[in-house]
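**Student:** Before I ask anything, let me first share the structure, which is written out below as structure tokens.
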Amino acid sequence: MAKLVINENNKQGTIAPEIYGHFSEHLGRCIYEGLYVGENSDIPNVNGMRTDVVNALKEIKVPVLRWPGGCFADEYHWKDGIGDKSKRKKMINTHWGGVTEDNSFGTHEFMELCKQIGCKTYINGNLGSGTVQEMSEWVEYMTFNGVSPMAELRKQNGHEEPWTVDYFGVGNENWGCGGNMTPEHYGNEYRRYQTYVRQYNEDHPIKKVACGANVADFFWTEGVLKTCFANVPEQFHGFMDFISLHYYTHPDGWEIKGSATDYDDEAWYRTLNKALYIDELIRRHGAIIDQFDPEKKIGLSVDEWGTWFTVEPGTNPGFLYQQSTVRDALVAGINLNVFNKHCDRVKMACIAQMINVLQAVILTDGEKMLKTPTWHVFHMYRHHQGAELLESSLSGVSDTGIGEWTVPEITESVSEKDGMITITLSNLSLTDDKDLTIHFAEDKLYKVEEANVVTSGDVHDMNTFDAPDTVKEVAFTDHKADGNDICVKLPKASVVELRVK
Ligand code: AHR
């Protein structure tokens, strides 16, 4: 019999709300059409931002938004995206479909979007093709409160007050699209560029994010950290606050990827098995970071994660538009449980991407909008934000799967905030509902205050613009008290949340 033991007395650290962050790039229909339709659109908007989308994002309490890329970031020149929109310089979006980028969404629009969502700002700077001066001036433009050339320019463009920049990425994927650098080369560039990311607001210092590794490139993590900290061992604070990690779940590998909606049982388990690999990646990159930062002052920012499938048939291959099924809900539940469990090191994570791209939480089609199964998982898991991780462990859980693609039947994480315990569970089995006994170390009777589940009759189910509510969070009733234990039956292929007090 599967058992989950929770020790309420062993709090293991705060789950940074930013673990529930998002990523938005100038890619396909993420920014344009998805988030921003322009002030003159017939689609209801406030200052160009879609009202339906902003409201849906507020419901999941988006804590932080990363922008403008991705690969786009290292080709983005921020001055092209300010001032009179009719005069803004156009550019080719070389990475993503070769389309014309008219720069109508720039710094002011991003800040407005974050204000409307109520989230923190994570700007990714251009180290690959931009200059130190350009990066430095962007920071001055956004955050300097005084008399300076960039502050004056901002004021001329209609924004008197500086904004708050919470996080600043010093380049993106500089091992690849961001300049094809070696770790040593990037490490030296990081040292130089970050010097000029000035702290103009002492009350709210910008947290700097170094470009970390792709998947299992431990050589990169070690090389960058060695270069950065070899002769500045005491210089953690203010020098590097985060290092990133990017990991996408491709069921059939990078070249083929695989269909988002048409998959067999083996592909289900292969996908979930690959999603679970994030745990090993965090451990192994974490062990390297520990060598340089045993006190865990540097956060790991998994600022690109999620499923990456073959694009929807008939759509632009450069736009990375994919549908989302129950399988994506499971991938989200698995990843978020892993991030929670590693909250001592993982201090931020951004799902890729927020809307209309990859494992989006929202899809749009003209004026229509739908919430994907992943949105519903984020909605349930929002209760973990800022909560204390509790010690928890499973026993009596077998592996399931097909051939080499095995996974544990259940994953979990547990947190506590304001006296309420949130338990999130995923049943990865395609075939079996799973009985689970939840036992608490404190000899105390807990009552289930709220319980929800995301699943569907067929694991291939998805939300479409004609049927937007096929896969959604509904009340979960299959739980009962047994003395001081709680017994639940987790439906096959489901993500469940229980809140007990
Ligand atoms: O999210 C799509 C792309 O994936 C990003 O632009 C890049 O950083 C990563 O390779």
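**Student:** Of all residues in the stretch 404-440 being under 14 Å from V500 (Cα atoms) and open to solvent by 60 Å² or more (accessible area, probe 1.4 Å), which is nearest to the chain's Cα centre (by Cα)?
**Tutor:** K417
Okay, residues lined up against (1) under 26 Å from the mean Cα position of the chain (by Cα); (2) more than 16 Å from the ligand (Cβ to nearest atom); (3) closer than 25 Å to F239 by Cα:
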site: T94; (1), (2), (3): yes, no, no
site: G98; (1), (2), (3): yes, no, no
site: E101; (1), (2), (3): yes, no, no
site: N126; (1), (2), (3): yes, no, yes
site: G158; (1), (2), (3): no, yes, no
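**Student:** Looking at N145, is it outside any helix (DSSP H, G or I) and either within 16 Å of the ligand (Cβ to nearest atom) or in contact (Cβ under 8 Å) with a residue 60 or more places away in the chain (or both)?
**Tutor:** No; evaluated as a whole, the condition is false for this residue.
**Student:** Being within 16 Å of the ligand (Cβ to nearest atom), charged (D, E, K, R), within 30 Å of T227 (Cβ to Cβ) and assigned to a loop (DSSP other than H, G, I, E, B), is that true of even one residue in the stretch 169-179?
**Tutor:** Quick first cut of the stretch 169-179, residues within 16 Å of the ligand (Cβ to nearest atom) only: 169-179.
Going one step further and asking which of them are charged (D, E, K, R), we end up with 173.
With within 30 Å of T227 (Cβ to Cβ) added as a condition, the list becomes 173.
Now drop any that are not assigned to a loop (DSSP other than H, G, I, E, B), which leaves 173.
Checked against the condition, which is being within 16 Å of the ligand (Cβ to nearest atom), charged (D, E, K, R), within 30 Å of T227 (Cβ to Cβ) and assigned to a loop (DSSP other than H, G, I, E, B), the stretch 169-179 yields at least one hit.
**Student:** Can I ask one more? Are there any pairs, at least 6 apart or on different chains, whose C-beta atoms fall under 7 Å, with the first in the stretch 344-358 and outside any strand (DSSP E or B) and the second near the ligand (Cβ under 10 Å from one of its atoms) and open to solvent by 10 Å² or more (accessible area, probe 1.4 Å), and if so, which?
**Tutor:** Pairs that qualify, where the first residue is outside any strand (DSSP E or B) and the partner is near the ligand (Cβ under 10 Å from one of its atoms) and open to solvent by 10 Å² or more (accessible area, probe 1.4 Å), are N356/G28; V357/G28; V357/L320; L358/W308; L358/L320.
**Student:** Residue check: is E18 among the acidic types (D, E), open to solvent by less than 10 Å² (accessible area, probe 1.4 Å) and either within 14 Å of the ligand (Cβ to nearest atom) or closer than 30 Å to V397 by Cβ (or both)?
**Tutor:** No, not satisfied.
**Student:** Here's something else I'd like to know. Within the stretch 335-346, does at least one residue satisfy the condition of being open to solvent by 10 Å² or more (accessible area, probe 1.4 Å) and within 16 Å of the ligand (Cβ to nearest atom)?
**Tutor:** no
**Student:** Take the stretch 359-368 and flag every residue that is touching a strand residue (DSSP E or B) at 6+ places or on another chain (Cβ under 6 Å) and outside any loop (DSSP other than H, G, I, E, B).
**Tutor:** I362, L363
**Student:** Taking the condition of being under 26 Å from V361 (Cβ atoms), open to solvent by 50 Å² or more (accessible area, probe 1.4 Å) and not in a loop (DSSP other than H, G, I, E, B), how many residues in the stretch 463-501 meet it?
**Tutor:** 2
**Student:** I'd like the full set of residues that are touching a Phe, Trp or Tyr at 6+ places or on another chain (Cβ under 9 Å), open to solvent by 10 Å² or more (accessible area, probe 1.4 Å) and closer than 17 Å to L57 by Cβ, limited to the stretch 347-384.
**Tutor:** K368, M369, R382
**Student:** Also: So Y141 passes all but one of these: (1) surrounded by fewer than 20 Cβ atoms within 10 Å (Cβ to Cβ); (2) over 26 Å from the mean Cα position of the chain (by Cα). Which condition number does it fail?
**Tutor:** (1)
**Student:** Please verify whether I60 is in contact with a helix residue (DSSP H, G or I) (Cβ under 6 Å, 6 or more places away or on another chain), modelled with pLDDT of 95 or more and over 27 Å from D365 (Cβ atoms), treating the condition exactly as stated.
**Tutor:** On the way: in contact with a helix residue (DSSP H, G or I) (Cβ under 6 Å, 6 or more places away or on another chain): yes; modelled with pLDDT of 95 or more: yes; over 27 Å from D365 (Cβ atoms): no.
Answer is no for this residue.
**Student:** Given (1) in contact with a Phe, Trp or Tyr (Cβ under 7 Å, 6 or more places away or on another chain); (2) open to solvent by 40 Å² or more (accessible area, probe 1.4 Å); (3) of a type in the set (G, A, S), where does G401 come up short, assuming only one miss?
**Tutor:** (2)
**Student:** Moving on. Against the definition (under 26 Å from E412 (Cα atoms), open to solvent by 10 Å² or more (accessible area, probe 1.4 Å), assigned to a loop (DSSP other than H, G, I, E, B) and in contact (Cβ under 8 Å) with a residue 24 or more places away in the chain), how does Q323 come out, yes or no?
**Tutor:** Considered against the rule, which asks whether it is under 26 Å from E412 (Cα atoms), open to solvent by 10 Å² or more (accessible area, probe 1.4 Å), assigned to a loop (DSSP other than H, G, I, E, B) and in contact (Cβ under 8 Å) with a residue 24 or more places away in the chain, Q323 comes out as yes.
The values are calculated or read from the model by the stated rules, or taken from the named source; none is laboratory data. As the structure is a prediction and not an experimental result, all values here were calculated from the model. Please note: Cβ atoms are built from the backbone with ideal geometry, for glycine as well, and neighbour counts cover all protein chains shown. The protein model used for the area step is the full one, side chains on, heavy atoms only, and it has no ligands, DNA or RNA in it. Shrake-Rupley method; radii C 1.70, N 1.55, O 1.52, S 1.80 Å.
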